[in-house]
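To keep things clear, I will list the structure first and then write my remarks on it.
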Amino acid sequence: MKQTFAILSAALLVLLPIHLFAEEPVAYAPVSVPVKPVKLTDDVYYVEGLAGAATEFEGFISNAGFVVTGDGVVLFDALGTPALAWQLRQEIRKITDKPVVKVIVSHYHADHILGLEVFKDEGAEIIAPAEASVYLDTGVGKERLEERSLSLDPWVTEKTRLVPPDVWLNESMTLEIGGKRLSILHLGKAHSDGDIAMLVEPDKVLFTGDILFEGRVPFVGSADTLGWLEALESMQTSGLEALVPGHGPSASDPDAAIIMTRDYLAYLREVMGAAVEDLTDFDVAYEEADWSRFEHLPAFEEANRVNAYGVYLSMSDEALE
């Protein structure tokens, strides 16, 4: 009898799924930075990247958020490396056993999208601005991936891949899923070639992507600062429980967060616009500007001069139009 039981037990072990007896195999390099979800409401969480340059802290410099619904998890942005995304996925599993069914991508910049493959491989649908085609089709994305596979190795490697959207948004949309209403707001060209934000209801949590940087100098790069300012003006913050920017902590005062980013961009345009109009050399204009309102902010030293020069060039182009 004992022998028969042993044979049956062995056969049952063979037939049962292996994941009941072993952890899922780790496909990515381990990370040492803490990727710990912060609870905003009963069903909405976010992880906060650290304040630094793109290749610092193992690439963990941007935020991501997720919403647990009755029909699965909806993620907002996917972090800057597959290794970070993998760690985020393990943290989500500690909260819910539901699958990640959709990823809403605020914009296509490497620090927000190089983790997409983890969730795509799980079967998630990727929703992103239609303007992401610029990043994917012009070679910009490939160049950035190649650079990150060197500067962020082993967390980004030659095996890391760019994941295109399944749904390309040209306009705002509303997604009803598992008892949640997600308003996906198409903002057009602003911080990047195309940006979107997401309002979660009834939780009243707004994810803005890099339209907002909380507590630090924004990265401007080749942004359309005029479109960016218009996007900020269009944002409704009344009644929010929380506002989660693309970088920095969840804003305790959403209006103040918008004002800081808006004032910084407006001042860049004011100073650099005057320099272009007066045909003043950039170096002279930069040295004469009063940066005292912003120089105390994290990333000022690393970003401000680059930002100002980018705005100087873009406003020179505007003057020729």
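For segment 191-207, the candidate set comprises residues that are touching a strand residue (DSSP E or B) at 6+ places or on another chain (Cβ under 6 Å) and in a loop (DSSP other than H, G, I, E, B); within that set, the residue that is surrounded by the fewest Cβ atoms within 10 Å (Cβ to Cβ) is Asp203.
Inside segment 249-276, can you point out the residues that are in contact (Cβ under 8 Å) with a residue 60 or more places away in the chain and touching a strand residue (DSSP E or B) at 6+ places or on another chain (Cβ under 6 Å)? Show your work before the answer.
To start, the set of residues in segment 249-276 that are in contact (Cβ under 8 Å) with a residue 60 or more places away in the chain comprises 249-250.
Hit for segment 249-276 is Ser250, nothing else.
Screening segment 126-151 for residues that are among the β-branched types (Val, Ile, Thr) and surrounded by 14 or more Cβ atoms within 10 Å (Cβ to Cβ) and picking the one that is nearest to Gly209 (Cα to Cα) gives Ile127. When the residues of segment 102-131 are filtered to those that are part of a strand (DSSP E or B) and without any contact (Cβ under 8 Å) to a residue 60 or more places away in the chain, which remaining residue is farthest from His191 (Cα to Cα)? Ranking the candidates gives Glu125 first. Scanning segment 112-129 for residues that are over 17 Å from Val73 (Cα atoms) and either β-branched (Val, Ile, Thr) or more than 16 Å from the chain's Cα centre (by Cα) (or both) gives a single hit, Ile113. Figure legend. Inter-residue proximity from segment 132-158: first residues under 14 Å from Ala54 (Cβ atoms), second residues among the charged types (D, E, K, R) and not in a loop (DSSP other than H, G, I, E, B), beta-carbon distance below 8 Å, spacing 6+ or different chains. Indicated pairs: Leu152/Glu58; Trp155/Glu58; Val156/Arg148.
Of all the residues in segment 94-125, those that are within 19 Å of Asp71 (Cα to Cα) and surrounded by fewer than 21 Cβ atoms within 10 Å (Cβ to Cβ) number 12.
Quick check on segment 47-76: of everything there that is of a type in the set (Ser, Thr, Tyr) and over 12 Å from the mean Cα position of the chain (by Cα), which residue is farthest from Arg216 (Cα to Cα)? So, considering only residues that are of a type in the set (Ser, Thr, Tyr) and over 12 Å from the mean Cα position of the chain (by Cα), the one farthest from Arg216 (Cα to Cα) is Thr69.
Scanning segment 228-248 for residues that are touching a residue at least 40 places away in the same chain (Cβ under 8 Å), closer than 28 Å to Val134 by Cα and surrounded by fewer than 20 Cβ atoms within 10 Å (Cβ to Cβ) yields Leu229, Glu230, Ser234. Flag not set for Pro154, criterion: part of a loop (DSSP other than H, G, I, E, B), touching a strand residue (DSSP E or B) at 6+ places or on another chain (Cβ under 9 Å), of a type outside the set (Val, Ile, Thr) and surrounded by fewer than 21 Cβ atoms within 10 Å (Cβ to Cβ). Look at (1) modelled with pLDDT under 95; (2) buried (at least 18 other Cβ atoms within 10 Å of the Cβ); (3) within 21 Å of the chain's Cα centre (by Cα) and you find that Ser314 fails only one, number (3).
Got a sec? Which of Leu145, Leu162, Leu79 is within 17 Å of the chain's Cα centre (by Cα) and outside any loop (DSSP other than H, G, I, E, B)? Steps first, answer last, please.
Numbers: Leu162 fails: outside any loop (DSSP other than H, G, I, E, B); Leu79 fails: outside any loop (DSSP other than H, G, I, E, B).
The unique qualifying residue is Leu145.
For Glu91, the conditions (1) touching a Lys or Arg at 6+ places or on another chain (Cβ under 9 Å); (2) buried (at least 21 other Cβ atoms within 10 Å of the Cβ); (3) outside any strand (DSSP E or B) all hold with the exception of (2).
Please return the ranges of helices (runs of 4 or more DSSP H) entirely within segment 217-317 where 1 or more residues are within 24 Å of Ser106 (Cβ to Cβ) and not basic (Lys, Arg). Outline the logic, then answer.
Values: elements: 225-234, 254-277, 282-288.
Correct list: 225-234, 254-277.
Residue check: Asp210 meets all listed conditions (1) acidic (Asp, Glu); (2) out of contact with any helix residue (DSSP H, G or I) (no Cβ under 6 Å at 6 or more places or on another chain); (3) touching a residue at least 60 places away in the same chain (Cβ under 8 Å); (4) not in a strand (DSSP E or B) but one, namely (4).
The values are calculated or read from the model by the stated rules, or taken from the named source; none is laboratory data. Being a predicted model, the structure only gives us computed values, none of them experimental. Positions of Cβ are backbone-derived with ideal geometry, glycine not excepted, and every protein chain shown enters the neighbour counts.
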